[in-house]
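All remarks here apply to the structure that follows.
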Amino acid sequence: MSEQINQVRIAELVKKYDQAGPRYTSYPTAPEWSDQYAPDDYMEALKVASNSPGEPLSFYLHIPFCRKRCWFCGCTTMVVTTPDAIDRYLDRVELEVAMVADRLGGRKKVSQFHWGGGTPSFLTDAQTIRAFELFTRKFEILGDAEVSIELDPRTTTRECVKLLKKLGFNRLSMGVQDFMHDVQEAIGRHQDSAMTISLYEICRTEGFESINFDLIYGLPKQSLAGFGETLDRTIGLRPDRVALFSYAHLPQRQPNQRSIDPAALPSAQLKSELFGLARQRFLDNGYVQIGMDHFVLFDDELALAASHGKLRRNFMGYTVNAAKDWLGIGMSSISYVSDNFAQNKSEIDGYSAAIDIGHFATYRGQRLSKDDLIRQYAIMEIMCNFRLDFAEADRRFGIDTRNYLKSELIELLPLMADGLLVEIDGGLEVTPIGRLFVRNIAVTFDTYLKKVADGKARAQFSRTI
């Protein structure tokens, strides 16, 4: 009976809180960054970072290429059919890496190196080796560094997996989305279950001990029964980590999503039930919830970090990596350096033209103010660790946090009344039911959304549920 009451309560809250809002992979969010932020501003941020010689760095390499673009995809990608375009792109990546290394000075240490896309495993073996070595010539990848890459089961061979292991990759992330054939058809992705299972077994055989599955809920044609089967297959394989992403249907920004029939998308209520089903299945089978949408085995380092309130988050996902600065390489990539956000141009021609003349391809960014940093900390603590410790914020920023955020605490009272979070001794804590609505809680601390008309501000974001 209590479970039924709980589900009824969740249904009521979904109706109340289903609205557009940021995912807060950054704060301030990317739409707030200024196009007046120039390459010279990024260079200055790198110069400041060069004065911290002992600090390790985190790197992200964007490989935008795909054989075919899936209808659901919201990433910056390019469809290519020949390797020549990739070679030309790597020419520019090599130049950009050299420019970054030159401004940082010396051979800096790297504690995290992630390849995303696109489809990084779409590269030939020679291109993969080249992309890896152009980094290692300029930077030292630490022996205990997290070196990860995203794999597409449709294009990744055993030979590719062997090469990745030889180069030093130690974490793999596989794009699964959903095992059901009708869902795959509805999103324009043809990936037989056998492909995924085969690649997973190859990766285990070749010695990879940390494998992540990307699943998506909210896709067209998904049902509780079908998604339950996807969850059963996933749990049966037992990947170390599962990222359970909420599908963001934004056809006005992603033209490829116009191929998806909006009538086939699950309702907000069904979508919340899909997440609830997944959460319960994972918790019942030895997984721990990390942040708002990730699940890891109980002995994973992310689980340990979460239990101690030490979880971190950046554009690459949840991490225990302590790197203060992370640098993005390639078109559309984002850097966070010396409390500055900087993003490269998202079009290949614009990116290439800038790099070819020895300029960074920065086209927008933001230097964070003290207020930005305080609110960034509050939002990330809520999103990662489901709590906000006022005393720790006081220590970090030299403020009286409770007084500084007094208007936000008043705004949170209705959410507290709805049971989404509670005020504890010295801070705030998100309740178990509140974790489903953590984006709604985080919005309260976002001062930028309050400065413009609500509809205009939120129209560019996905639904929070």
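In the range 182-208, what residues are under 18 Å from LEU163 (Cβ atoms), buried (at least 18 other Cβ atoms within 10 Å of the Cβ) and of a type outside the set (A, V, I, L, M)?
Answer for the range 182-208, where residues must be under 18 Å from LEU163 (Cβ atoms), buried (at least 18 other Cβ atoms within 10 Å of the Cβ) and of a type outside the set (A, V, I, L, M): TYR200, CYS203, PHE208.
How about the range 79-178: which strands (runs of 3 or more DSSP E) wholly inside it have at least 2 residues that are among the polar types (S, T, N, Q)? It would help to see each step written out before you state the result.
Values: elements: 109-117, 140-151, 171-177.
Counting at least 2 such residues, we get 109-117, 171-177.
Determine whether the range 338-348 contains at least one residue that is at positive phi, surrounded by fewer than 22 Cβ atoms within 10 Å (Cβ to Cβ) and outside the structural domain of THR119 (by TED's automatic domain parsing).
Yes, there is a match, as at least one residue in the range 338-348 is at positive phi, surrounded by fewer than 22 Cβ atoms within 10 Å (Cβ to Cβ) and outside the structural domain of THR119 (by TED's automatic domain parsing).
Residue pairs, Cβ under 6 Å, 6 or more apart or interchain, first in the range 290-319 and farther than 17 Å from GLU146 by Cα and buried (at least 18 other Cβ atoms within 10 Å of the Cβ), second among the polar types (S, T, N, Q) and at pLDDT 90 or above. List them.
PHE295/GLN289
Could you list, in sequence order, all residues of the range 111-142 that are over 19 Å from the mean Cα position of the chain (by Cα), among the hydroxyl-bearing types (Ser, Thr, Tyr) and closer than 26 Å to PRO153 by Cβ?
THR124, THR128
Taking interchain pairs and intrachain pairs at least six residues apart, which have beta carbon atoms under 9 angstrom, with the first residue in the range 352-366 and without any contact (Cβ under 8 Å) to a residue 60 or more places away in the chain and the second surrounded by fewer than 19 Cβ atoms within 10 Å (Cβ to Cβ) and in a loop (DSSP other than H, G, I, E, B)?
Between residues of the range 352-366 that are without any contact (Cβ under 8 Å) to a residue 60 or more places away in the chain and residues that are surrounded by fewer than 19 Cβ atoms within 10 Å (Cβ to Cβ) and in a loop (DSSP other than H, G, I, E, B), the close pairs are ALA353/HIS359.
Just checking: which of the helices (runs of 4 or more DSSP H) contained wholly in the range 356-451 hold 1 or more residues that are at pLDDT 95 or above and under 27 Å from ALA342 (Cβ atoms)?
Fully inside the range 356-451 and qualifying: 370-385, 390-397, 438-443.
Return the residues of the range 417-440 that are more than 28 Å from the chain's Cα centre (by Cα) and crowded, with 16+ Cβ neighbours inside 10 Å; say none if nothing qualifies. Before you say what the answer is, go through the steps one by one.
Just the residues of the range 417-440 that are more than 28 Å from the chain's Cα centre (by Cα), to begin with: 417-418, 423-426.
Correct list: ASP418 only.
The values are calculated or read from the model by the stated rules, or taken from the named source; none is laboratory data. No experiment lies behind these values; they were computed from the predicted model shown. Counting neighbours? That spans all protein chains shown, and the Cβs are built from the backbone with ideal geometry, glycine included.
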